[in-house]
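Rule-based calculations on the coordinates, nothing more; no lab input. A quick note: this is a predicted structure, and the numbers were derived from the prediction, not measured. Quick reminder, even Gly has a Cβ in these numbers, built from the backbone with ideal geometry, and neighbours come from all protein chains shown.
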Amino acid sequence: MISLKRKFNVLIIEYVKNNHVALQYFQYLGSPNIGLFIIATDEFVLVPSGMSESKIEFLKRCFKVDNVLSLRIRGSKLLGALSVANSNGVLLPYGCEREADLIRERLGVKATSIETFISLGNRVLVNDKAAIVDPQIPEEIVSIIKEVLNVKVERSTIAGLPYVGSSAVASNRAIYAHPKIRPDEASLIENVLDAQVHTGTVMNGLPYVKLGLVVNQKGGVVGKGTSGSELMAISKCFSL
């Protein structure tokens, strides 16, 4: 016998598939870990080189943006893990000067290659107002984040972990965070990013929510395997 919870999840998933809602299921290269590959801001989306035109058009509709730029970072498709962006600019790891030039030329925003091998997308949580960074990130990198992304920056952990970029997803409306975020962490992040923190998981219980969630203020995508109840929580969080 199918449980009521499973029936609910099936109904929600079918509703999303069959209706033009702002939050849609997505996968890339057969993987539901879409946050490793895609970056979305309110002005543009970055996707890996080689993504099909049909998927790019789908993402344009989901995020309601016209500007989608395809590229690789140091030969990798893991844009979401290696770089970080908001509507004001893009930060790339060491050795990406050519990619930074391409971003400036095509998108008209600031872009800089930083002398670091840190996975920026895992260590920085940002919206268009501010950024939260891993407490161990050097001050010189913090200064670059402030300048390129045009934000104030504070240091914090989430659930006691330095992986603030992996443990939460932020838009200018809200933050969806690791369910074990501490009250003091949530309070600081809300004050800095000027948005309310909600907690939850993706892909049927995964607390590192960035892996299966990419949003801007206008829409978003979730990794396949995200349950109906998780989808509802995300939709409520971001008012999508």
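All alpha carbon pair distances within the stretch 92-149 were sorted into 5 Å bins beginning at 0; the resulting P(r) in whole percents reads 4, 18, 28, 28, 17, 4, 1. Annotation: the antiparallel percentage among DSSP beta bridges lying fully within the stretch 119-193 is about 65. Its convex hull of Cα atoms gives the stretch 21-104 a direction-averaged projected area, equal to a quarter of the hull surface, of 5.3 nm². Which one of ASN216, ALA111, SER187 has its Cα pushed farthest toward the positive end of the charge dipole of the chain, where Lys and Arg give +1 and Asp and Glu give -1 at the Cβ? Positive-most Cα among the choices belongs to ASN216.
Over the chain, the Kirkwood radius and the radius of gyration, each from Cα atoms, give a ratio Rg/Rh of 0.96. Each part gets one Cα centre, and for the stretch 121-144 versus the stretch 23-59 those centres are 23 Å apart. Tell me the label-point distance for the pair GLN196, SER76, using the 7 Å Cα-to-Cβ offset, in nm and rounded to one decimal. Result for the modelled spin labels: 3.6 nm.
FRET efficiency for the GLU140 to LYS180 pair, using the beta carbon distance and R₀ = 35 Å, is estimated at 0.65.
Mean residue ellipticity, 222 nm, helices only, the chain: the sum of -39500 (n - 2.57) across DSSP H runs of n ≥ 4, divided by residue count and rounded to 500, is -9500 deg cm²/dmol.
Panel order for LYS129, LYS210, by other beta carbons found within 10 Å of each beta carbon, from fewest to most: LYS129, LYS210.
DSSP beta bridges in the stretch 4-238, what fraction antiparallel, as a percent rounded to 5?
Restricted to the stretch 4-238, the bridges split so that about 45 percent are antiparallel.
If each Cα of the stretch 143-238 is one equal point scatterer, what is log10 of I(q)/I(0) from the Debye formula at q = 0.24 Å⁻¹? After summing over all Cα pairs, the log10 values are -1.30. Among all stretches of the chain without exposed chymotrypsin sites (Phe, Trp or Tyr not before Pro) (DSSP loop, at most 12 other Cβ atoms within 10 Å), which one is longest? Free of exposed loop sites, the longest segment is 118-240.
Have a look at ALA131, SER227, GLY80 and report the one farthest towards the positive end of the charge dipole of the chain, computed about the Cα centre with Cβ charges (Lys/Arg +1, Asp/Glu -1). In the chain, that residue is SER227. Within the stretch 176-231, none of the GluC sites (Glu not before Pro) combine a DSSP coil assignment with at most 15 other C-beta atoms in a 10 angstrom radius. Between GLU147 and ASN67, the C-beta separation translates, for a Förster distance of 30 Å, into a calculated FRET efficiency of about 0.85.
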